[in-house]
Amino acid sequence: MRYYFFHLMPWPYLPADFDTVYDSAWIWLPNSLYDPVRGQELYQEYINTLAYADELGFDGICVNEHHQNAYGLMPSPNVIAGALTQRTKKAKIAVIGNALPLYNPPLRVAEEFAMLDVLSGGRLIAGMVIGGGPEYFTYQVNPTHAREKFREALDLILKAWTEPGPFLWNSKHYHFRYVNPWPRPLQKPHPPIWIPGVGSLETIEFVAQRRYAYMGIPYFHIDVFRRVFAQFREACEKAGYTARPEQMGWGVPIYVAETDRQAREEFEPQLWYFVKNLLKGIGISPPGYTSARSALAIIKNHKYFLYTQKTWDDIEKGVYAIVGSPETVRQKLEQYQKELGIGVVLTGCQTGALPHELARKSMELLAREVLPKTRGIKQQEAAAVR
Amino acid sequence: MLKLFKKLKYGARVFLSKGGGQEETIDVHGRSTVLLHGGEGTPFIYLHSTLGESFRWLPFLQTWSKSFRVLAPMHPGFGKSGGFDQIDTIEDMAFHYVEMFDALGFEEVILGGVSLGGWIAAEFAVRWPERVKKLWIADAPGLWVENTPLGDLFRIMQDREKLRELLFHDPKGHMAGLVLEDNPDEEKMLMGYQSLTVLARLVWERPYDPKLANRLRRIACPTLLLWGANDRLVPPAYGEAYKKHIPGAELKLIGSCGHLPMFERETEFVEAVTKFCQD
């Protein structure tokens with residue numbers, strides 16, 4: 001079992017009346033609410049936290065891309081990943097991911113990821129995403145072309161990494177006379193490809209067919225993950241092979257403190273800050289971004305999304321987060337790892353305005369008291385449970 | 001109570017109009033196109049808005065069909081019409097219609113439409129001016145007027161109340177409630193999403209055609225511009241802009257009317273179009 005430490009780099013200083021005054025933490029949330037002086041301090045602390053995860057022995061650290069929002073302050077995760085290549089030694093650096101249709105030309109991703117792979121000595125995990133609904137408002141990229149552009153750009157990047165350049169590329173949305181990126185990635189044939197997903201069958205089948213890794217984005221009810229990983233295994237069988245546990249990642253916030261009660265007391269207010277403020281507006285979906293049927297399914301599944309949860313009981317029952325003493329967290333991790341048959345856990349604790357010292361304390365308890373016991377869960381054992 | 005009565009009355013008119021329009025599906029170079037038609041005389045083509053209202057034979061089509069041979073096609077990608085994969089830009093819509101008119105053997109037509117439909121009519125008329133006998137355009141985007149941005153439909157599309165406020169002069173009126181119901185069923189939601197998907201493909205990056213303004217001078221037929229005086233999505237300044245660029249065009253504002261005159265001010269709207277097209 002591998003554990004990746006995930007950071008959104010949220011903005012923790014939203015005004016107390018945010019929820020009543022603003023309809024969204026995305027796209028049009030006035031950027032006067034961002035303070036660059038506090039921002040500098042925050043970036044420094046967040047980068048320190050990620051570097052600390054490397055010291056504590058997490059298998060990897062994760063950053064991701066979002067634009068014009070208070071939820072995650074990495075419009076360019078590659079910039080942060082670049083800094084991390086110089087601050088970390090062992091951990092994989094997972095950029096999950098770059099939103100391919102937003103890059104014009106998408107060769108920029110081939111170049112920057114190759115730079116990161118070389119800079120980190122082959123530690124990059126290359127996450128490729130379509131990008132969330134809000135990004136299509138922000139970058140004004142046509143949502144009705146999102147999926148086509150994503151597939152074309154992905155194929156272009158992979159070809160750029162694996163076939164000698166220069167070569168000519170022509171597809172519906174992209175045309176390049178000379179594809180020939182310098183540098184090339186260090187890992188052969190190319191850095192591992194991770195595709196984060198929110199549960200659409202279309203994405204699950206695509207990732208299975210390509211033999212990439214599917215990373216289940218957090219903030220959904222445990223039943224959603226049960227379905228997703230069952231469907232993923234089935235899709236792999238259909239594609240003629242058995243899914244490897246490391247192809248399946250479960251995103252879930254984890255917070256550990258000395259006792260169950262203390263953990264809840266420290267973490268719960270931060271979770272609600274995240275739910276009420278930062279998740280507000282994340283679900284806006286431009287027309288054509290999904291098929292009409294998928295759009296309807298998303299609306300119907302709202303009740304399985306963290307944003308619509310109201311009580312701590314909802315959080316616990318739906319396993320939207322794992323919160324408790326080291327022993328409680330260990331038990332739950334063991335139970336769900338076995339049940340889901342996954343080989344990767346992506347976890348973060350910085351969901352809101354969690355004080356930095358509490359974030360560090362939780363990471364330490366997780367790394368020192370929980371993970372040594374849960375790491376040993378054999379993947380065969382996990383696989384057998386399904 | 002009165003509002004309910006008015007709604008029922010409109011429903012009855014829709015029901016009574018129903019027998020007037022016949023549905024047909026024609027193939028336009030691989031684009032399966034559904035259209036309703038009724039009446040006799042000069043071909044009169046009604047190009048619908050993003051609401052996709054031509055999926056049924058509505059009372060205003062029935063009224064026109066007493067004077068003209070009315071055809072109300074569904075644009076590619078709308079309702080049961082196919083061919084969305086062949087549509088990338090507004091120009092593709094114009095080419096779709098010239099090929100449709102060829103297929104139907106129409107040399108010359110009366111052409112008009114509301115909102116998106118009006119824009120398509122303008123794009124058609126600048127390319128094939130000789131094939132348009134009369135042109136009318138209502139509440140259409142297509143141009144850009146500095147300091148007068150279009151309403152942001154995509155921001156509020158999931159909020160029925162805000163949608164009614166954007167599209168109607170009187171968002172509490174019976175027609176606003178009828179056209180934009182509070183709890184649409186699954187089929188209507190799917191249709192709405194599909195319609196907005198077509199619109200998004202055409203306008204997402206840029207909600208107008210930068211080439212259009214300088215091409216409008218090519219329009220050679222009499223042109224009527226009809227605008228809801230209270231249109232908040234495509235403000236009347238856009239009507240002024242069309243007037244400025246189309247030789248001899250007449251602009252008529254409809255009072256107490258938002259973006260959808262065929263619903264909010266049906267009588268004035270239908271009469272204005274009929275009178276203009278008959279003259």
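The values are calculated or read from the model by the stated rules, or taken from the named source; none is laboratory data. Bear in mind the structure is a predicted one, so any value in this text is a computation, not a measurement. FYI the Cβ positions are ideal-geometry reconstructions off the backbone, even for glycines, and counts take in every protein chain you see.
At-a-glance table
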read-out: Those residues of the stretch A:169-202 which are surrounded by fewer than 18 Cβ atoms within 10 Å (Cβ to Cβ), closer than 21 Å to A:Q247 by Cα and among the polar types (S, T, N, Q), in sequence order; value: A:S200
read-out: Failed item in (1) within 12 Å of chain B (Cβ to nearest Cβ); (2) touching a strand residue (DSSP E or B) at 6+ places or on another chain (Cβ under 6 Å); (3) of a type outside the set (F, W, Y), with A:M128 passing the rest; value: (1)
read-out: Any chance B:H29 is touching a residue at least 60 places away in the same chain (Cβ under 8 Å), within 24 Å of B:G105 (Cβ to Cβ), surrounded by fewer than 19 Cβ atoms within 10 Å (Cβ to Cβ) and not aromatic (F, W, Y); value: yes
read-out: Test: residue in the stretch B:223-238 that is assigned to a helix (DSSP H, G or I), away from chain A (no Cβ under 14 Å), in contact with a Gly (Cβ under 9 Å, 6 or more places away or on another chain) and surrounded by 19 or more Cβ atoms within 10 Å (Cβ to Cβ); value: yes
read-out: Cβ-Cβ under 6 Å pairs, at least 6 apart or on other chains, the stretch B:173-190 side over 11 Å from A:L296 (Cβ atoms), far side surrounded by fewer than 16 Cβ atoms within 10 Å (Cβ to Cβ); value: B:H174/B:K3; B:H174/B:K6; B:H174/B:K7; B:L178/B:K7
read-out: The stretch A:303-329, residues that are under 22 Å from the mean Cα position of the chain (by Cα) and not aliphatic (A, V, I, L, M); value: A:K303, A:Y304, A:F305, A:Y307, A:T308, A:Q309, A:E316, A:G318, A:Y320
read-out: Scope the stretch A:136-146; condition out of contact with any Asp or Glu (no Cβ under 8 Å at 6 or more places or on another chain) and of a type outside the set (F, W, Y); matching residues; value: A:T138, A:P143, A:T144, A:H145, A:A146
read-out: Failed item, numbered, when A:F206 is tested on (1) buried (at least 22 other Cβ atoms within 10 Å of the Cβ); (2) in a helix (DSSP H, G or I); (3) of a type in the set (F, W, Y); value: (1)
read-out: Selection status of B:K211, modelled with pLDDT of 95 or more, surrounded by fewer than 19 Cβ atoms within 10 Å (Cβ to Cβ) and of a type outside the set (A, V, I, L, M); value: yes
read-out: Qualifying positions in the stretch B:5-37 - on the phi < 0 side of the Ramachandran plot and either in contact with a Lys or Arg (Cβ under 6 Å, 6 or more places away or on another chain) or small (G, A, S) (or both); value: B:G11, B:A12, B:S17, B:G19, B:G20, B:G21, B:S32, B:V34
read-out: Residue in the stretch B:166-206 that is nearest to the other protein chains (Cβ to nearest Cβ), counting only those that are surrounded by fewer than 18 Cβ atoms within 10 Å (Cβ to Cβ) and closer than 30 Å to B:K244 by Cα; value: B:E205
read-out: Residues that are among the polar types (S, T, N, Q), within 14 Å of chain B (Cβ to nearest Cβ) and assigned to a helix (DSSP H, G or I), drawn from the stretch A:286-321; value: A:S294
read-out: Residues satisfying the stated conditions in the stretch A:121-142, i.e. polar (S, T, N, Q) and touching a residue at least 60 places away in the same chain (Cβ under 8 Å); value: A:T138, A:N142
read-out: The stretch A:157-186, subset in a loop (DSSP other than H, G, I, E, B) and polar (S, T, N, Q), residue farthest from A:V109 (Cα to Cα); value: A:S171
read-out: Search result, residues across the stretch A:106-148 that are closer than 25 Å to A:Q86 by Cβ and either in a loop (DSSP other than H, G, I, E, B) or not aliphatic (A, V, I, L, M) (or both); value: A:R108, A:E111, A:E112, A:F113, A:D117, A:S120, A:G121, A:G122, A:R123, A:G127
read-out: All positions within the stretch B:37-63 that are over 25 Å from B:L167 (Cα atoms) and crowded, with 19+ Cβ neighbours inside 10 Å; value: B:H37, B:G38, B:G39, B:P43, B:F44
read-out: Matching option when the condition is within 13 Å of chain B (Cβ to nearest Cβ) and either surrounded by 22 or more Cβ atoms within 10 Å (Cβ to Cβ) or of a type in the set (F, W, Y) (or both), among A:A146, A:A110, A:A153; value: A:A146
read-out: Subset tally (residues that are farther than 20 Å from B:M74 by Cα and part of a loop (DSSP other than H, G, I, E, B)) for the stretch B:108-145; value: 4
read-out: Qualifying residue in the stretch B:186-194 (condition: modelled with pLDDT of 95 or more and aliphatic (A, V, I, L, M)); value: no
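Quick grid of which residues meet (1) out of contact with any helix residue (DSSP H, G or I) (no Cβ under 6 Å at 6 or more places or on another chain); (2) aliphatic (A, V, I, L, M):
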{"site": "A:G199", "(1), (2)": "no, no"}
{"site": "A:A213", "(1), (2)": "no, yes"}
{"site": "A:P218", "(1), (2)": "yes, no"}
{"site": "A:D223", "(1), (2)": "yes, no"}
{"site": "A:C236", "(1), (2)": "no, no"}
{"site": "A:Y241", "(1), (2)": "yes, no"}
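Matching residues to (1) farther than 23 Å from A:A99 by Cα; (2) in contact (Cβ under 8 Å) with a residue 60 or more places away in the chain:
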{"site": "A:N180", "(1), (2)": "no, no"}
{"site": "A:W194", "(1), (2)": "no, yes"}
{"site": "A:I222", "(1), (2)": "yes, yes"}
{"site": "A:R233", "(1), (2)": "yes, yes"}
{"site": "A:A239", "(1), (2)": "yes, no"}
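Results for (1) of a type in the set (G, A, S); (2) crowded, with 20+ Cβ neighbours inside 10 Å; (3) more than 16 Å from the chain's Cα centre (by Cα); (4) in a loop (DSSP other than H, G, I, E, B), shown as yes or no for each residue.
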| position | (1), (2), (3), (4) |
| --- | --- |
| B:G248 | yes, no, yes, yes |
| B:L251 | no, no, yes, no |
| B:H259 | no, yes, no, yes |
| B:F263 | no, yes, no, no |
| B:T267 | no, no, yes, no |
